[in-house]
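Following: one structure in structure tokens, then a few remarks.
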Amino acid sequence: MAAIKVLLIDNEQIVLDGLRSLLDSFDDFHVVSATSDGDSALEGLRTHRPHIVVTSPSVTGTGGVHAARLIRRDSAHVRIVVLTSHQQPVFVREAFLAGANAYLSRGIGREELRQTLLAVHRDGASLSGTAAELVLRFASGRHTDDGSPLAGLTRRERQILSLVADDHETGHIASHLGISPKTVRNYLSRIYAKLGTPNRVQTALYAKRSLGRQEVLPHGLPSET
């Protein structure tokens, strides 16, 4: 049987090198491309036509989750496996909504990774116990916020995140809330750290997808530090 072609996307070169070495050590797989940039990965997708894409949510360029959406839109047959250290339900949900076929921890073992990729290629999906439980909750309409990073935000941080989701600039947010632009930037830094998002653009995209499913605080709340 011909080897399964795999394209790797991750923002850490050491992870890319390790995954390439590991997968190429199996007769089942052949790594056709490894990149840290989501945009380059989309080009590689068209050039190499892989069977499986293994990606991280935090890659540069388009971003891993957005890249997954583009891959799914462009190439419906490609299997997408998200490999990440984030195991909170909100991240699992985002990955599957983007079109992922599997969601794996970076702590996965060598043989488990092999078997999972084989299952994804053969069956179209592979769910861990945690992911399977979450998918069943979504399918049954029983939404859960357990473990959501949004739950760790203060009232003021959620307020600012809501304004960011509405595409308001820092100066407008500061004027609207009666605080200084520096204070807004300080809040944003804390929001990035809590959500695990690398910058304002990714934070805004995350907020647009997530805040609609959460209890959004009104913009006119009293100040909180």
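The values are calculated or read from the model by the stated rules, or taken from the named source; none is laboratory data. On a predicted model such as this, the values are computed, not experimentally measured, just so you know. Methodologically, a virtual Cβ is constructed for each residue, glycine included, from the backbone with ideal geometry; neighbour enumeration extends over all protein chains shown.
Worth pointing out:
- Here is the figure for region 168-198: residues that are farther than 30 Å from Val92 by Cβ and in a loop (DSSP other than H, G, I, E, B) total 4.
- Any pair with Cβ under 9 angstrom, 6 or more apart, that starts in region 34-62 at a residue that is in the same structural domain as Ser126 (by TED's automatic domain parsing) and crowded, with 21+ Cβ neighbours inside 10 Å and ends at one that is aromatic (Phe, Trp, Tyr) and at pLDDT below 80: Pro57/Phe91
- Scope region 156-167; condition under 24 Å from the mean Cα position of the chain (by Cα) and assigned to a helix (DSSP H, G or I); matching residues: Glu157, Arg158, Gln159, Ile160, Leu161, Ser162, Leu163, Val164, Ala165
- One residue alone among Val65, Val82 is at pLDDT below 95, within 24 Å of Tyr192 (Cα to Cα) and in a helix (DSSP H, G or I), and that residue is Val65.
- Residues in region 171-203 that are of a type in the set (Gly, Ala, Ser) and buried (at least 17 other Cβ atoms within 10 Å of the Cβ): Ala174, Gly196.
- Complete set of residues in region 7-27 that are buried (at least 16 other Cβ atoms within 10 Å of the Cβ) and over 19 Å from the mean Cα position of the chain (by Cα): Arg20, Leu23, Phe26
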